[in-house]
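Reading through the structure tokens given below for one structure.
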Ligand SMILES: [Zn+2]
């Protein structure tokens with residue numbers, strides 16, 4: 001427990017937030033230069049050589065801006081070229097975990113992924129550009145601006161001499177492909193944290209306090225081939241089974257419960273005069289609660305062929321668990337809202353269908369605030385941009401929130 005003199009008072013009145021915001025305003029051009037440098041390094045999830053170069057730059061940049069971390073750890077995602085060149089399976093961007101001591105014992109975990117969905121070469125036709133309040137470039141909104149905001153928030157706290165809790169910063173390079181390498185590190189680190197802050201893009205300025213869980217499944221159907229005209233009864237149509245399965249799956253959707261089931265890709269058969277011997281489908285499932293995830297899992301396990309000579313095989317599973325808005329997250333959002341109000345900012349929260357690494361932490365029961373990153377639009381889209389003014393505002397919010405968390409330590 002810290003005394004109010006050290007930390008609490010100034011946040012309550014908004015004076016600290018105002019001071020932080022003013023300091024950040026004076027460093028606007030440096031923040032933009034950092035963002036320009038970071039966005040100008042391509043870091044597609046499937047290109048290990050570029051991811052390695054990106055992380056080397058981040059290591060140097062973080063040390064220049066924040067000083068050397070008290071401790072650091074690297075989880076190796078494999079060497080570039082393993083498996084025969086770029087985009088190889090089983091090779092992922094390394095994960096970096098840095099410790100920055102602060103007031104108190106229990107750290108706050110900060111999550112930021114450095115990979116983007118944009119393939120190598122995208123920058124050539126879409127370089128980083130600033131036009132008025134808008135900055136654009138591949139990965140600027142999802143989520144390079146978020147990390148730049150965070151780093152400058154920490155610098156602002158340092159400059160103002162304001163306390164913050166001990167921090168663990170986790171950078172991963174495999175988020176956009178489901179965090180297969182970094183998930184264990186995220187879960188292990190989250191378990192010993194007081195709270196988890198995720199610097200993914202905001203939802204129209206709103207923080208994300210709930211995210212759906214995502215399941216990705218593939219149906220493989222095997223039938224029996226036969227001549228469609230001469231002896232159709234000898235066949236068992238995989239396409240007929242597929243059609244029935246699509247209806248069965250779509251009927252599992254329950255919009256009121258927040259559940260969507262989408263068979264997005266289908267294929268099957270070989271010729272119109274052959275009873276189809278094989279068919280398959282790709283299915284995306286989104287759920288808002290664990291109970292719904294369980295209901296869908298049971299229904300998938302109970303999926304049976306109409307014709308018992310056919311075989312239906314369901315593969316795949318849950319990529320990210322549901323991020324439910326637990327009491328800890330509700331309290332954390334209430335604090336963020338109060339801090340924002342002290343800055344004259346009305347902070348909203350939202351629930352979204354897309355998943356992030358915040359889902360892993362929330363599933364462990366941790367308080368999670370997601371969407372603390374950029375204000376802008378267009379994640380995974382060509383019109384992706386961030387608001388420069390929004391970067392200053394959110395960096396100030398992050399700084400003031402961390403300061404308020406130190407007061408609670
Ligand atoms: Zn992201």
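Could you tell me whether segment 111-129 includes any residue that is buried (at least 23 other Cβ atoms within 10 Å of the Cβ), within 23 Å of the chain's Cα centre (by Cα) and closer than 16 Å to residue 398 by Cβ?
Residues of segment 111-129 buried (at least 23 other Cβ atoms within 10 Å of the Cβ): 111-116.
Among the residues that remain, those that are also within 23 Å of the chain's Cα centre (by Cα) are: 111-116.
Filter again for closer than 16 Å to residue 398 by Cβ, leaving 111-112.
Yes - at least one qualifying residue is present in segment 111-129.
One line per residue, one yes/no per condition, for (1) away from the ligand (no atom under 16 Å from the Cβ); (2) in the same structural domain as residue 165 (by TED's automatic domain parsing):
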residue: 189; (1), (2): yes, yes
residue: 193; (1), (2): yes, yes
residue: 198; (1), (2): no, yes
residue: 223; (1), (2): yes, no
residue: 231; (1), (2): yes, no
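In segment 268-298, what count of residues is obtained for those that are surrounded by 15 or more Cβ atoms within 10 Å (Cβ to Cβ) and either more than 30 Å from residue 231 (Cβ to Cβ) or without any contact (Cβ under 8 Å) to a residue 40 or more places away in the chain (or both)?
14
For (1) closer than 29 Å to residue 20 by Cα; (2) surrounded by 16 or more Cβ atoms within 10 Å (Cβ to Cβ), each residue gets a yes or a no:
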| position | (1), (2) |
| --- | --- |
| 322 | no, yes |
| 332 | yes, yes |
| 345 | yes, yes |
| 349 | yes, yes |
| 353 | no, no |
| 356 | yes, yes |
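Please list, ordered by first then second residue, the pairs with beta carbon atoms under 6 Å, 6 or more apart or interchain, first in segment 123-148 and on the phi > 0 side of the Ramachandran plot, second away from the ligand (no atom under 13 Å from the Cβ) and part of a loop (DSSP other than H, G, I, E, B).
Between residues of segment 123-148 that are on the phi > 0 side of the Ramachandran plot and residues that are away from the ligand (no atom under 13 Å from the Cβ) and part of a loop (DSSP other than H, G, I, E, B), the close pairs are 137/128.
Which of the residues spanning segment 3-36 are in contact with a helix residue (DSSP H, G or I) (Cβ under 6 Å, 6 or more places away or on another chain) and modelled with pLDDT under 90?
Hits for segment 3-36 are 7, 8, 10, 11, 14, 16, 17.
Tell me which of these residue 193 doesn't satisfy, since it passes every other one: (1) buried (at least 24 other Cβ atoms within 10 Å of the Cβ); (2) within 23 Å of the chain's Cα centre (by Cα); (3) modelled with pLDDT of 95 or more; (4) under 27 Å from residue 66 (Cα atoms).
(1)
If we keep just the residues of segment 91-108 that are within 16 Å of the ligand (Cβ to nearest atom) and closer than 24 Å to residue 374 by Cα, which is surrounded by the most Cβ atoms within 10 Å (Cβ to Cβ)?
93
Okay, residues lined up against (1) farther than 19 Å from residue 252 by Cα; (2) in a strand (DSSP E or B); (3) not assigned by TED's automatic domain parsing to the domain that holds residue 225:
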position: 297; (1), (2), (3): no, no, no
position: 303; (1), (2), (3): no, no, no
position: 312; (1), (2), (3): no, yes, no
position: 344; (1), (2), (3): yes, no, yes
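Please work out which residue is surrounded by the fewest Cβ atoms within 10 Å (Cβ to Cβ), limiting yourself to segment 380-390 and to residues that are within 24 Å of residue 340 (Cα to Cα) and either under 16 Å from the mean Cα position of the chain (by Cα) or within 16 Å of the ligand (Cβ to nearest atom) (or both). Steps first, answer last, please.
Initially, segment 380-390 is screened for residues within 24 Å of residue 340 (Cα to Cα), giving 385-390.
In the following step, the residues that additionally are either under 16 Å from the mean Cα position of the chain (by Cα) or within 16 Å of the ligand (Cβ to nearest atom) (or both) were identified as 385-386.
On the way: 385: 21, 386: 33.
By that ranking, first place goes to 385.
Looking at (1) in the same structural domain as residue 148 (by TED's automatic domain parsing); (2) without any contact (Cβ under 8 Å) to a residue 60 or more places away in the chain; (3) in contact with a strand residue (DSSP E or B) (Cβ under 8 Å, 6 or more places away or on another chain), can you tell me which one residue 171 breaks?
(2)
The values are calculated or read from the model by the stated rules, or taken from the named source; none is laboratory data. It should be emphasised that the depicted structure is a prediction, and the values quoted were computed from it without experimental measurement. No Cβ is skipped: glycine too gets one built from the backbone with ideal geometry, and neighbour counts run over all protein chains shown.
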